Amino acid sequence: MSESNGHNGLQETPRGTFEGLIKYLRYDLLSGFLVFLIALPLCLGISSACGYPLIAGIFTAIIGSILTTFISNSELTIKGPAAGLIVIAVGCIQDFGGSGVFNGSAGDLEAYRFALGVGVAAAVFQILFGLFRTGIFGEFFPTSAVHGMLAAIGVIIIAKQIPVTLGISAKGEPLELLKNIPNEILHMNPEVALIGATSLLILFVLGSVKNRYVRMVPAPMIVLLIAVPMGIYFQLDHTHTYTFGNHTFELNSEKHLVNVPANMFKAITFPDFNGLKEPKAWKWVMMFALIGTLESMLSAKAIDSIDPWKRKTNLDRDTLAVGIANLVASFLGGLPMISEIVRSKANIDNGARTRFADMFHGLFLLLFVATVPFLIHRIPMAALGAMLVYTGFRLASPREFANVYMIGREQLVVFVVTIVSVLATDLLVGIFIGIGVKFLIHFMNGMPLKSLFKPPLSVEEPDEKTYLIRVREAAVFTNWIPLRRKIGSLNSNKDIVVDLSETTLVDHTVMEKLHELEREFENNQRSLTVTGLDDHHSLSDHPHAARRRILGKPSSA
């Protein structure tokens, strides 16, 4: 496949082989360095938000980037801790008696070691998911419910990190924290809050700038270049008090600055598997395994869609790689990891060619933290909190609500119900409530119960170059996997036509995934065509909107 998008005229598809390592070294090394600049503060911030020691996120990124480079075939994804798992990680820590803000106390250390044991068990499940090729089950979940879950995670991150950004302590459930935001602003620590507000302003301003020269320097690094001198000016490195507006405020270096060990290798911590004897531990095992795997798959698929060379990740192999890396990371004191989308997108933007860019970003992290940890200690916690608030905003931005509404009002209902349910309960319960609402909407739109999990299918060969798949009754997210497997099982040299004329309902998830397959077939010089929707009413003007056959109108098939 020739390269026609301006990537310096390369004529072949780059691959992460030994030859590729040498040939594309300058591209991958540069991108790995730039991604390292983004990853360093984010790994620290995510660790802090999870209630783990700050070094835990660094362990994860180093281990994940090196191991998965040689196991996964995903060329452009960056492996490491992710904001999407914060809610699960901190919930696990607190359920085992930790404070949620690691301070080295006996209780926090015990909860941390129990959580590492949970991480090991979850990694074993992920390895099994990869070995038994369960990657396709990542396509079961309806898109609107998944996006609702991610938006809810964004809201929770915002609620929990605003106090850090303002320099105060706050605890409580997400809805309670959201309600208390005005009060938190009134009681903020002014100097710390100024660092946090400045960091947020930089992230939002630079996030809206499209100039590629401005965007060459990662926004998180610009935040650090400004926040660190501000911290030095406000003397955050030693505990003292100051007066502002007739009020006295305390600045505590242990609380307001990043604290990492001088020798990272002495910080290696091993799991305590006694926690797995408690039934509650297995709830967190399944949440880490299921949600982490789902998020990782979604990220890998999203990065595949913007890969300039249209390379495709083997999701089973990638899940196996993430599982093995999570096993090692949890054994040594690290956070759970996934294929992380923000750093992966930056990897593409910075010109990476192969998976070795991921490895280089991990090696740069190892070199930096092992040699100059005292520089990390200068980073204000408020700056890290601001980065996570910005990450949470991107997950739950008003644009997300608008995008879902454009697809259809029924999608917005599922999206909002999932968000509220996650905030009121937890991730697993919330997403299953969202799925339940999706079921209800499908039944109201005429979906036959008998086609809930397996649509009636038939395959014909109208000519020697084409397969015709006729789908009857309904094509919805719950029965998408049988349809997807049928498409994948047919001769790879023929074109495929999917006839939906005899369906009463085709939902948004199926429409979106069929469009994805159309692009995938086109990249492989084949054709997949969707027909039979002329007699269906689209629930919005969006090309991926759900379709319902007009009542009383017979199929035109």
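The values are calculated or read from the model by the stated rules, or taken from the named source; none is laboratory data. No experiment lies behind these values; they were computed from the predicted model shown. Heads up, the Cβs are rebuilt from the backbone with ideal geometry, glycines too, and the neighbour counts pull from every protein chain shown.
In the stretch 272-315, how many are in contact with a strand residue (DSSP E or B) (Cβ under 6 Å, 6 or more places away or on another chain) and polar (S, T, N, Q)? Of the residues in that region, 2 qualify. Taking the criterion of being assigned to a helix (DSSP H, G or I), touching a residue at least 24 places away in the same chain (Cβ under 8 Å) and more than 13 Å from LEU505 (Cβ to Cβ), the only residue of the stretch 436-469 that qualifies is VAL437.
Where residues in the stretch 66-77 are among the hydrophobic types (A, V, I, L, M, F, W, C) and not in a helix (DSSP H, G or I), which of them is surrounded by the most Cβ atoms within 10 Å (Cβ to Cβ)? Among those that are among the hydrophobic types (A, V, I, L, M, F, W, C) and not in a helix (DSSP H, G or I), it is LEU76. For the stretch 205-214, the set of residues classified as exposed (fewer than 15 other Cβ atoms within 10 Å of the Cβ) and of a type outside the set (Gly, Ala, Ser) consists of VAL205, VAL209, LYS210, ASN211, ARG212, TYR213, VAL214, listed by residue number. Can you tell me which residue among GLU176, GLU191 is at pLDDT below 95 and acidic (Asp, Glu)? Unique residue meeting the criteria: GLU176. Among all residues of the stretch 156-172, there is none that is aliphatic (A, V, I, L, M), in the same structural domain as THR198 (by TED's automatic domain parsing) and farther than 20 Å from SER48 by Cβ. Among the residues of the stretch 497-534, the ones that are farther than 26 Å from PHE443 by Cα, in contact (Cβ under 8 Å) with a residue 60 or more places away in the chain and charged (D, E, K, R) come to 2 in all. Among the residues of the stretch 236-262, the one identified as surrounded by 12 or more Cβ atoms within 10 Å (Cβ to Cβ), more than 11 Å from ASN189 (Cβ to Cβ) and charged (D, E, K, R) is ASP237. Here ARG485, ARG526, ARG472 are screened, and the one residue that is assigned to a helix (DSSP H, G or I) and not aliphatic (A, V, I, L, M) is ARG485. Could you grab the pairs with beta carbons closer than 7 Å, sequence gap of 6+ or different chains, first residue in the stretch 190-207 and closer than 9 Å to MET230 by Cβ, second one aromatic (Phe, Trp, Tyr) and assigned to a helix (DSSP H, G or I)? Sorted first by the residue in the stretch 190-207, then by its partner, the list stays empty. For ALA145, the stated conditions hold: it is small (Gly, Ala, Ser) and either in contact with a Gly (Cβ under 7 Å, 6 or more places away or on another chain) or free of Cβ contacts under 8 Å to residues at least 24 places away in the same chain (or both). Any residue in the stretch 479-496 that is among the acidic types (Asp, Glu) and either without any contact (Cβ under 8 Å) to a residue 24 or more places away in the chain or under 19 Å from PHE141 (Cα atoms) (or both)? No, the stretch 479-496 contains no residue that is among the acidic types (Asp, Glu) and either without any contact (Cβ under 8 Å) to a residue 24 or more places away in the chain or under 19 Å from PHE141 (Cα atoms) (or both).
The rows are residues; the columns are (1) part of a loop (DSSP other than H, G, I, E, B); (2) among the aliphatic types (A, V, I, L, M); (3) out of contact with any Pro (no Cβ under 8 Å at 6 or more places or on another chain); (4) surrounded by 18 or more Cβ atoms within 10 Å (Cβ to Cβ).
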site: ILE62; (1), (2), (3), (4): no, yes, yes, yes
site: LYS79; (1), (2), (3), (4): no, no, yes, yes
site: ILE86; (1), (2), (3), (4): no, yes, yes, yes
site: ALA89; (1), (2), (3), (4): no, yes, no, yes
site: GLY98; (1), (2), (3), (4): yes, no, yes, yes
site: VAL124; (1), (2), (3), (4): no, yes, yes, no
site: GLY130; (1), (2), (3), (4): no, no, yes, yes
site: GLY138; (1), (2), (3), (4): no, no, yes, yes
site: ALA145; (1), (2), (3), (4): no, yes, yes, yes
